[in-house]
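These notes concern the structure reproduced below.
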Amino acid sequence: RVAQVARVSGRYETALRFLEGALKHLRAAGAHRWIADVMDEIGLVHLVRGDQDAFKLALAHFLKALALRRRSEDRRVVARSLCHIARIHTGRGHFDDALDSANEAVQICEQIEDRWGNAKARTVLGEVLAASGKHRAALTVWKAAHELADEVGDASRRLEITILQAEAAIAIGEWQDAAALMVDAVDAA
């Protein structure tokens, strides 16, 4: 948690130092679930720090976390790892890989009936679709994600999705819809 605070406050070297210390202790204890969480956090530090190979470094850590989570058979956290990986592939322009990861995350959440996770996974799937130029498909996915976020009462996810929907509406020239969505976002904020 201290490392997360350091990351959010921009003290990336401090965050990495704490995370490496946490890894050492967790490996000694064999706490694979928490090791995966630390791997995710290290990946996020590389992303926000803007390393030269940020995507590559983050992806390596996210893949390690995914491998640990697959072994633990906790499907909720497997879906979370897949969402991180989908965002990395999207950032690198590898849309087919991103779609595979995001779709798998959605499928897992549907199978285990995790509506909260499903809203997140569909949000990421929509991001991948929008980034690859499929804005109308993204809007359809985000509509379902928004409904799921409503069901579980996730106000921040609804706001995030509304902003994404507005950006997609702008991209396809639906100005009135975009304006209405931005008003909704301001009201929700």
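The values are calculated or read from the model by the stated rules, or taken from the named source; none is laboratory data. This structure is a prediction, so every number in the text was calculated from the model and none was measured. Backbone-built Cβ (ideal geometry, glycine too); neighbour counts: all protein chains shown. These area figures cover heavy atoms from the full protein model, side chains too; ligands, DNA and RNA do not enter into them. Shrake-Rupley method; radii C 1.70, N 1.55, O 1.52, S 1.80 Å.
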Query raised in the report: Could you give the angle, 0 to 90 degrees to the nearest 10, between helix 175-188's Cα long axis and the longest principal axis of the Cα atoms of the chain?
Result: 50 degrees
Query raised in the report: Among (1) 16.4, 47; (2) 17.4, 57; (3) 19.1, 69, which is the computed Rg and Dmax of the Cα atoms in Å?
Result: (2)
Query raised in the report: About the Cα centre of segment 2-136, what is the dipole size in debye to 20, counting +1 per Lys and Arg Cβ and -1 per Asp and Glu Cβ, all else neutral?
Result: 200 debye
Query - Using alpha-carbon coordinates, inclination of helix 75-92 to the longest axis of the chain, degrees - result: 70 degrees
Query raised in the report: Asp100 to Val8: FRET efficiency via 1/(1 + (r/R0)^6), r the Cβ-Cβ distance, R0 35 Å, to the nearest 0.05?
Result: 0.70
Report summary line: Between the alpha carbon centres of segment 1-21 and segment 136-189 the gap in Å comes to 32 Å
Requested in this report: Taking the chain as the reference, fit the longest principal axis to its C-alpha atoms, fit the long axis of helix 12-29 to the helix C-alpha atoms, and give the angle between the two in degrees, 0 to 90, nearest 10.
Outcome: 60 degrees
Query - Among Ala29, Ala138, Ala119: highest mean-square fluctuation, GNM of the chain, C-alpha pairs under 10 Å - result: Ala29
Query raised in the report: At a 1.4 Å probe, what is the % contribution of carbon and sulfur to the accessible area of segment 68-180?
Result: 47 percent
Report summary line: To the nearest Å², the heavy-atom accessible area per residue of segment 65-189 with 1.4 Å probe amounts to 50 Å²
Report task. Would you calculate the separation in nanometres between label points at Lys24 and Lys56, each defined as 7 Å from the Cα along the Cα-to-beta-carbon direction? Result -> 2.7 nm
Query - With DNA, RNA and ligands ignored, accessible area of Asp37 (1.4 Å probe; Å², nearest 10) - result: 50 Å²
Report summary line: If the chain between Arg92 and Leu63 were fully extended at 0.36 nm per residue, the gain over the current Cα-Cα distance would be 8.9 nm
Query - Dipole of segment 46-129 [Lys/Arg +1, Asp/Glu -1 at C-beta], most positive-end residue of Leu59, His89, Ile108 - result: Leu59
Query raised in the report: So how much slack lies between Asp74 and His32, counting 0.36 nm per residue of separation and subtracting their Cα-Cα distance, in nm?
Result: 14.0 nm
Query raised in the report: Between the DSSP loop rule and a limit of at most 15 other Cβ atoms within 10 Å, which GluC sites (Glu not before Pro) in segment 13-113 are left?
Result: Glu73, Glu113
Requested in this report: Return a whole-number percent for the relative contact order of segment 58-111, with Cα pairs under 8 Å and 6 or more residues apart as the contact set.
Outcome: 35 percent
Report task. As a check on your grasp of the helix formula, calculate [θ] at 222 nm for the chain: sum -39500 (n - 2.57) over DSSP H runs of n ≥ 4, divide by the residue count, round to the nearest 500. Result -> -28500 deg cm²/dmol
Query raised in the report: How about Lys56: which lysines have a C-alpha closer than 16 Å to its C-alpha, ignoring those fewer than 8 places off in the same chain?
Result: Lys64
Report task. May I ask you to derive the relative contact order of the chain, considering only C-alpha pairs under 8 Å and at least 6 residues apart, and to give it as an integer percent? Result -> 11 percent
